[in-house]
Amino acid sequence: RYGVASGVTVGIWGVESSYGTRMGDFQVVDALATLAWATSRRRFFRSELLAALKILQHGDVTSGHMTGSYAGAMGQPQFMPTSYLRYAVDFTGSGRRNIWTSKPDVLASIANYLAQAGWHTGGSWGQPVALPTGYRGPSGRDHRYKLSHWAALGLRPIAKRWKAASSAPAALLLPDGPNGDAFLVYANFAAIRRYNPSDYYALVVGLLGDAIVA
């Protein structure tokens with residue numbers, strides 16, 4: 001329905017809550033009220049607290065079952081309340097967006113988040129690559145070139161085939177430096193980073209998802 005790769009969807013589920021087994025047991029309203037008072041990010045957490053109260057008012061969950069992390073991230077996808085209001089889905093048609101115990105709602109909500117974050121249907125997040133010996137060329141998300149350009153520099157797919165068209169923009173990531181693993185990432189990598197703005201996070205999600213569906 002959302003056109004998002006199943007591997008990436010399940011990868012986020014696994015990273016965020018170990019497939020729904022580690023969601024946190026803090027009362028979300030209590031946690032957010034404390035953070036809205038006791039931290040330097042009062043405006044942010046006050047907004048999240050008000051969003052949590054809207055969720056309770058709508059009847060999606062009771063206050064006793066609205067649990068999550070110490071920072072207010074809720075349920076199996078670990079949505080903040082404002083993200084819940086934007087992206088959570090009642091996939092089962094129960095009348096409640098249940099990201100705590102309904103796996104269909106959980107997975108659909110993650111997929112909906114990625115779709116609205118700009119996921120391109122049918123595209124890949126990226127792939128591991130082999131660098132030519134002694135490579136010291138450009139790297140990092142700010143250096144985006146056509147895949148054909150990277151191939152001309154001597155990069156080769158470890159999977160023996162490219163997962164994008166030769167004209168697709170791509171960036172080279174070297175998370176452990178030039179002597180470590182290398183990855184070319186495509187446009188869908190940015191959609192994963194909208195969920196969590198960390199290259200390491202997005203790489204783990206992509207690699208885990210690939211392993212799951214392999």
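The values are calculated or read from the model by the stated rules, or taken from the named source; none is laboratory data. The shown structure was predicted, so the numbers you read here are calculated from the model rather than taken from an experiment. Please note: Cβ atoms are built from the backbone with ideal geometry, for glycine as well, and neighbour counts cover all protein chains shown. These accessible areas exclude ligands, DNA and RNA; they are computed on the full protein's heavy atoms, side chains included. Shrake-Rupley method; radii C 1.70, N 1.55, O 1.52, S 1.80 Å.
Things to note:
- The residues of region 42-70 that are in a loop (DSSP other than H, G, I, E, B), closer than 14 Å to residue 28 by Cα and open to solvent by 30 Å² or more (accessible area, probe 1.4 Å), listed by number, are 62, 70.
- Counted residues, region 112-122 - those being within 23 Å of residue 146 (Cα to Cα) and open to solvent by 30 Å² or more (accessible area, probe 1.4 Å): 4
- Of the residues making up region 52-67, those that are without any contact (Cβ under 8 Å) to a residue 12 or more places away in the chain and farther than 21 Å from residue 22 by Cα are 57, 58.
- Residue 134 meets each of the listed conditions (1) under 22 Å from residue 14 (Cβ atoms); (2) free of Cβ contacts under 8 Å to residues at least 12 places away in the same chain apart from (1).
- Evaluating residue 176 against the criteria (1) open to solvent by 40 Å² or more (accessible area, probe 1.4 Å); (2) free of Cβ contacts under 8 Å to residues at least 60 places away in the same chain; (3) outside any loop (DSSP other than H, G, I, E, B) leaves one unmet condition, (3).
- Taken over region 26-41, the criterion of being modelled with pLDDT of 95 or more, open to solvent by 60 Å² or more (accessible area, probe 1.4 Å) and in contact with a helix residue (DSSP H, G or I) (Cβ under 8 Å, 6 or more places away or on another chain) is satisfied by 27 alone.
- Taken over region 3-23, the residue count meeting the criterion of being touching a residue at least 24 places away in the same chain (Cβ under 8 Å), open to solvent by less than 60 Å² (accessible area, probe 1.4 Å) and not aliphatic (A, V, I, L, M) is 9.
- In region 80-100, the residues that are open to solvent by less than 30 Å² (accessible area, probe 1.4 Å) and either of a type in the set (Ser, Thr, Tyr) or assigned to a loop (DSSP other than H, G, I, E, B) (or both): 82, 83, 84, 87, 88, 89, 98, 99, 100
Rundown of residues vs (1) under 17 Å from residue 14 (Cβ atoms); (2) in contact with a helix residue (DSSP H, G or I) (Cβ under 7 Å, 6 or more places away or on another chain); (3) at pLDDT 95 or above; (4) surrounded by fewer than 21 Cβ atoms within 10 Å (Cβ to Cβ), yes/no style:
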{"site": "110", "(1), (2), (3), (4)": "yes, yes, yes, no"}
{"site": "125", "(1), (2), (3), (4)": "yes, yes, yes, no"}
{"site": "187", "(1), (2), (3), (4)": "no, no, yes, yes"}
{"site": "198", "(1), (2), (3), (4)": "yes, no, yes, yes"}
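- Selection of region 152-170 for residues being in contact with a Pro (Cβ under 9 Å, 6 or more places away or on another chain) and either buried (at least 21 other Cβ atoms within 10 Å of the Cβ) or without any contact (Cβ under 8 Å) to a residue 24 or more places away in the chain (or both) yields 153, 154.
- Region 138-151, subset assigned to a helix (DSSP H, G or I) and over 24 Å from the mean Cα position of the chain (by Cα), residue surrounded by the most Cβ atoms within 10 Å (Cβ to Cβ): 150
- Residue check for residue 191: assigned to a loop (DSSP other than H, G, I, E, B) and of a type outside the set (D, E, K, R): no
- Residue count, region 101-127 (criterion: assigned to a helix (DSSP H, G or I), touching a residue at least 24 places away in the same chain (Cβ under 8 Å) and not polar (S, T, N, Q)): 9
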